Each structure stands twice: as structure tokens, then as C-alpha cells.
Amino acid sequence: MTIKALLVGESWVTSETHYKGFDQFGSVHFHLGAQPMVDALKDTEVELDWMTAHEAAEKFPFEREGLDAYDVLILSDIGSNTFLLPPDVWLRSKPVPNRLNLIRDWVADGGNLMMVGGYFSFQGIDGRARWRRTPVEDALPVRCLPWDDRVEIPEGATLQSVASDHPVMSGFPAGDWPLLLGVNEVEPKDDATVVARLPDHQGGHPLIVTGSYGKGRSAVWTSDLGPHWLPPAFCEWDGYPVLWRNLISWLVAR
């Protein structure tokens, strides 16, 4: 069975100023951060479309039909403002449908949602992702915190399984998972299942949480899908594609 998934986010622009004595010049770089996931799902049952953060402001669907084309929606490293402030609202002061309501209602009617961690996921750096108390948070199996929720782990951390018999935890290579370097701190909802977390001595923060909302399902992976929180060794690990395939497969299973 082909599973159609839409990944939204994981792109950014950096601007640098170079100083050389009296002189200076600038440079700009456009970064695409989801390539590890795209490569991992290539030639699998998951047909992944990737909409960059810079396209999403205008191209993410305003009507239900656009989401109904997909089985799974993945939000990764993209803040709520991108959906709330398209050019018609920000530049032209025109009302448009609230796409956060659209996502929530789509999940309630049987859609499937995953949020992946990052600096603009959950509440994010300096609280700027702003998913707390939004309609999308209603559909997630976790609550966002009201502050900067990053947990930086420069020494590295490995996953600790909580529900080893959960389908998401099947099929991984034997042995410890590779190190990861950070997560977003969240609070699981009462009816959610914490599948994996960090070790107690590193806060025990949830890493994989699953749940349901209405007729749909939702899941979170609170670390990144690539560098910097996931080092190259993690992205090159044989279990990396298993992680995404398991999460997506669980979401659509009924």
C-alpha cells in the first residue's frame, strides 16, 4: 500500500557579512534540512512530498481538499506564524481561512499528524514557534510548554524504550541507538502513550509519543530529523529509515 505523506518545513536562509580590513561583503545561503528523511524514504511504500518552509506561507492548502490528498502530514521545524500570516494577511490585510483549524479538523476526521522537533517546532527557541494553545496542539499527543523548550545535550544521549512492544519500536538493529544532541521538552497528554524517552539522568524527556484525536492519529518525535540534533552517524544508521517508516505506518494503521 502506498502511503502519501506531506512534509512541511525544514528549510531556512542564512545571511553572513564578511569583514576583510576596510572592506566587507555579504553572502546568503539557502539550506534544505530534510534531505536525510527524503533519502531514507526513497523507493519505499511512503510517497513523500516536501514543501519547504518558504513555500508553505502561500502553498500550504487553505481548503480541505488539499489535505485530503494525503494520508499523513509531517510538520518539522516550522513555526505557526507561517500558517497564520500568509501574504494576503500580512501584506494585504485580507482575511483567509485559518489553516491551524484546518489541520486540527482534518485530523479529527481521520487524518494523521506528526510533529518532528527542532528550533521552530513545539514552542521552540525563545518560544517563537508558538504552537502552544493552538488548534494544532489540540490534535497532538503532547502539550507545548510556555517558554523556550529546547533541551541541548552536547554530550549526547541515547533513547530509552518505555513501550518496547509498541509497533513503532519494531525492526531496529540490535544495540544502542546512536547519540542525539537535543530535544524539545513537552508534556504528554493523559491519554497518550510515551513510547521512548531520554534516560533519567538526562531529564527523562519524552522522545516518541503517540496518541489519537477524533478519528485520526498523531505522533511526535521530539528530536530533529537531521543535523544538528541528529549527527550524521544517526542519519546514516540502519535504523534511521526504520524510525520514519514505523512512525508513518503506525499513523495510518487502523
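The values are calculated or read from the model by the stated rules, or taken from the named source; none is laboratory data. Predicted model only: the values in this text are computed from it and were never measured. We place every Cβ from the backbone using ideal geometry, glycine too, and count neighbours over all the protein chains shown. All accessible areas refer to the heavy atoms of the entire protein, side chains included, with ligands and DNA or RNA removed. Shrake-Rupley method; radii C 1.70, N 1.55, O 1.52, S 1.80 Å.
For the stretch 149-224, state which trypsin sites (Lys or Arg not before Pro) are in a DSSP loop and have at most 13 other beta carbons lying within 10 Å of their beta carbon.
Passing both the DSSP loop test and the Cβ count: LYS215.
Quick check for me: using +1 on Lys/Arg Cβ and -1 on Asp/Glu Cβ, what's the dipole size of the chain about its Cα centre, in debye to the nearest 20?
640 debye
For the stretch 42-123, give the percent of accessible area contributed by carbon and sulfur heavy atoms, probe 1.4 Å, rounded to a whole number.
Of all accessible area on the stretch 42-123, carbon and sulfur atoms account for 49 percent.
Please label the shape of the stretch 60-150 as rounded, prolate or oblate, based on the square roots a ≥ b ≥ c of the eigenvalues of the alpha-carbon gyration tensor (a/c under 1.5 means rounded; beyond that, a/b larger than b/c means prolate, else oblate).
Note, shape of the stretch 60-150 comes out oblate.
Using only the Cα atoms of the stretch 1-146, build the gyration tensor, take square roots of its eigenvalues as a ≥ b ≥ c, and label the shape rounded, prolate or oblate: rounded if a/c is under 1.5, else prolate if a/b is larger than b/c, else oblate.
Numbers: a/c = 1.85, a/b = 1.43, b/c = 1.30.
Prolate is the answer for the stretch 1-146, as a/c is 1.5 or above and a/b outweighs b/c.
Stretch SER15-THR2 to full length: gain in nm at 0.36 nm per residue minus the Cα-Cα span? Provide the component values of the computation, followed by the final result.
Working: separation 13, 0.36 × 13 = 4.68 nm, distance 3.94 nm.
That works out to 0.7 nm of additional length.
For LEU32 and GLU236, compute 0.36 nm times the residue count separating them, minus their Cα-Cα distance, and round to one decimal in nm.
So the chain would gain 71.7 nm between LEU32 and GLU236.
What translational D, rounded to a whole number of µm²/s, comes out for the chain from Stokes-Einstein when the hydrodynamic radius is the Kirkwood one over Cα pairs, at 25 °C and 0.890 mPa s?
Value of D from the Cα-based Kirkwood radius: 131 µm²/s.
Give the percent of DSSP beta bridges with both residues in the chain that are antiparallel, rounded to the nearest 5.
Antiparallel bridges make up about 60 percent of those DSSP assigns within the chain.
For a protection proxy built on the mean count of beta-carbon atoms within 10 angstrom, sort 104-111, 76-83 highest first, please. Don't skip to the answer; put the middle values down first.
Values: 104-111: 19.8, 76-83: 22.4.
Going from most to least packed, we get 76-83, 104-111.
Which FRET efficiency, nearest 0.05, do THR44 and THR158 yield, Cβ-Cβ r, R0 25 Å?
The calculated FRET efficiency here is 0.50.
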